[in-house]
Amino acid sequence: MDLEQLGQSLDCGQCFRWRRLPGGAWDGAAGGKHLLLTESGLRKDLEDGYWGRYFDMATDYAPIRAELAAKDPVLAAAVRYAPGIRILRQEPWEALCSFILSQCNNIARIRGMVERLCTAYGSAIPGAGGRRSFPGPEALASARETDLRALGLGFRAPYVLEASRRVASGSLDLGALERLPADEARARLTSLPGVGPKVADCALLYGMHRLEVFPRDVWMNRALKTLFPGRNPEWFGPHAGVAQQVLFHYSRHHPELFRAKAM
């Protein structure tokens, strides 16, 4: 694992608090911690208890990639294109809140919204050059909708507010969702205003490491229809979430696949 490969996991739409610096280093924050990822310090960082878990270093992705590649030539090409993609172990609340913000949005704008939310409500991270932690649900539960809208959250503001209040009050226990069957966990998440199946599945996959879950957005619906006609997410098997991330990254970087099929 080198920095270029690891960077694929930071630039494939599953997280929004990492930025690539000139020269190739990555600057990021998670769990109230800050990290500057460089090639020279990569091995030490991946051996750290918190960051090793965050990057899911205990999981051997080689057999998962082999399993997926054996299913279909297109999937094999996607796996070869993105051999470094791993499913990050993000904080469940941060994942849920971030993907509520992702609705009708692009990655650059989501990153901006997340950073403004952190600046306004997060806590300072020592030695992080001014970067702040992702605000917990308690910090956001007392916010005013008008203040959230002023940060550019738009129609998503009341959704963030209601989700934060339910999680802060304990009426929605994110920890319990990690142990429930996926369908039941999804149903509890979609009981939140503004949380549909796609946002719920993103929270399950990226925040709770439910690798069997396959979030479907515009890109993935297009990929399924064009590249895997007649197949549904269940066809990808127990590691459908890994397949989804690999295909999302591959599809974004290969739009010609869809032009060719349309001709």
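The values are calculated or read from the model by the stated rules, or taken from the named source; none is laboratory data. This structure is a prediction, so every number in the text was calculated from the model and none was measured. Please note: Cβ atoms are built from the backbone with ideal geometry, for glycine as well, and neighbour counts cover all protein chains shown.
Before moving on, here are some points about what is shown:
- Residue match in the stretch 230-242 (condition: more than 15 Å from Ala182 (Cβ to Cβ), modelled with pLDDT of 90 or more and either part of a loop (DSSP other than H, G, I, E, B) or of a type in the set (D, E, K, R) (or both)): yes
- Enumeration of residues in the stretch 116-137 that are hydrophobic (A, V, I, L, M, F, W, C), over 20 Å from the mean Cα position of the chain (by Cα) and in a loop (DSSP other than H, G, I, E, B): Ile125, Ala128
- Those residues of the stretch 147-179 which are closer than 17 Å to Gly194 by Cβ, surrounded by fewer than 13 Cβ atoms within 10 Å (Cβ to Cβ) and not small (Gly, Ala, Ser), in sequence order: Phe155
Here is a yes/no grid of residues against (1) in contact with a strand residue (DSSP E or B) (Cβ under 7 Å, 6 or more places away or on another chain); (2) surrounded by fewer than 13 Cβ atoms within 10 Å (Cβ to Cβ); (3) part of a helix (DSSP H, G or I):
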{"site": "Gly28", "(1), (2), (3)": "yes, no, no"}
{"site": "Leu35", "(1), (2), (3)": "yes, no, no"}
{"site": "Leu46", "(1), (2), (3)": "no, no, yes"}
{"site": "Gly52", "(1), (2), (3)": "no, no, yes"}
{"site": "Thr59", "(1), (2), (3)": "no, no, no"}
{"site": "Ala62", "(1), (2), (3)": "no, yes, yes"}
{"site": "Leu68", "(1), (2), (3)": "no, no, yes"}
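- Residues located in the stretch 31-66, provided they are of a type in the set (Lys, Arg) and not assigned by TED's automatic domain parsing to the domain that holds Pro83: Lys33, Arg43, Lys44, Arg53
- Of the residues making up the stretch 149-208, those that are outside any helix (DSSP H, G or I) and either farther than 14 Å from Ile100 by Cα or in contact with a strand residue (DSSP E or B) (Cβ under 8 Å, 6 or more places away or on another chain) (or both) number 9.
- Screening the candidates Arg179, Arg165 for the property of being over 19 Å from the mean Cα position of the chain (by Cα), closer than 28 Å to Glu212 by Cβ and not hydroxyl-bearing (Ser, Thr, Tyr) yields one hit, Arg179.
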